[in-house]
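Below is one structure; the comments refer to it alone.
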Amino acid sequence: MSSLSRRDFICASAALTALATVPAVAAAGIKTLANGKTEIDLASNTALNSVGGVVELSINKYGKIAVVRTSKSSKGFAVLNLSCPHAGVIVKKVSSGWICPPPRGHGSEFALNGALKGGLSSSSLKPISFTATKKAVTIA
Ligand code: FES
């Protein structure tokens, strides 16, 4: 087992501190459909009008998730499970995407679409299947 020097620890902590988290925008207009699916009304979530917009919500089936606008296409979204694949810590939004925050998390970084950028996680944030129309994103 390798040990982390005090200097390495301080440098890593400073780098993580520089990635200031961005306050989450809570999703609004959430409806549970009769078939158990979750519908997120786009008119109620103006953050999703722009590419790069994000809203977060919790669903019993998945826990904490995020809906991300990835393109202007009517189907241009990603829905991500925000549980870090490494050890399950909930990732936080930063200007460049997502980070697994210390002290419980170990600093893995992910792109806004959930793709792994680096760190101890060996995989990207888990995508959740959905359908999208001009009016709503529906999560299975
Ligand atoms: S729990 Fe996220 S990097 Fe370890």
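Residues considered: 96, 108. Of these, the only one that is modelled with pLDDT under 95 and either buried (at least 19 other Cβ atoms within 10 Å of the Cβ) or within 15 Å of the chain's Cα centre (by Cα) (or both) is 96. Within the stretch 24-50, residues that are exposed (fewer than 14 other Cβ atoms within 10 Å of the Cβ) sit with their Cβ atoms under 6 Å from residues that are assigned to a strand (DSSP E or B), at 6+ positions apart or across chains, in these pairs: 29/41; 31/39; 32/38; 33/39.
Take the conditions (1) within 16 Å of the ligand (Cβ to nearest atom); (2) of a type in the set (A, V, I, L, M); (3) at pLDDT 90 or above; residue 42 misses just one of them, which is (1).
Number of residues in the stretch 111-127 that are outside any strand (DSSP E or B), under 11 Å from the mean Cα position of the chain (by Cα) and of a type outside the set (D, E, K, R): the value is 7. Among residues of the stretch 68-97 that are on the phi > 0 side of the Ramachandran plot, those with a Cβ under 7 angstrom from a residue that is modelled with pLDDT of 95 or more and within 16 Å of the ligand (Cβ to nearest atom), sequence gap 6+ or separate chain, pair up as 97/109; 97/110; 97/111; 97/117.
Residue by residue, here is whether (1) within 7 Å of the ligand (Cβ to nearest atom); (2) buried (at least 19 other Cβ atoms within 10 Å of the Cβ); (3) within 18 Å of residue 139 (Cβ to Cβ) holds:
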site	(1), (2), (3)
76	no, no, yes
79	no, yes, yes
82	no, yes, yes
88	yes, no, no
115	no, no, no
118	no, no, no
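The values are calculated or read from the model by the stated rules, or taken from the named source; none is laboratory data. Source: prediction; values computed, not measured. Cβ: placed from backbone, ideal geometry, glycine included. Neighbour counts: every protein chain shown.
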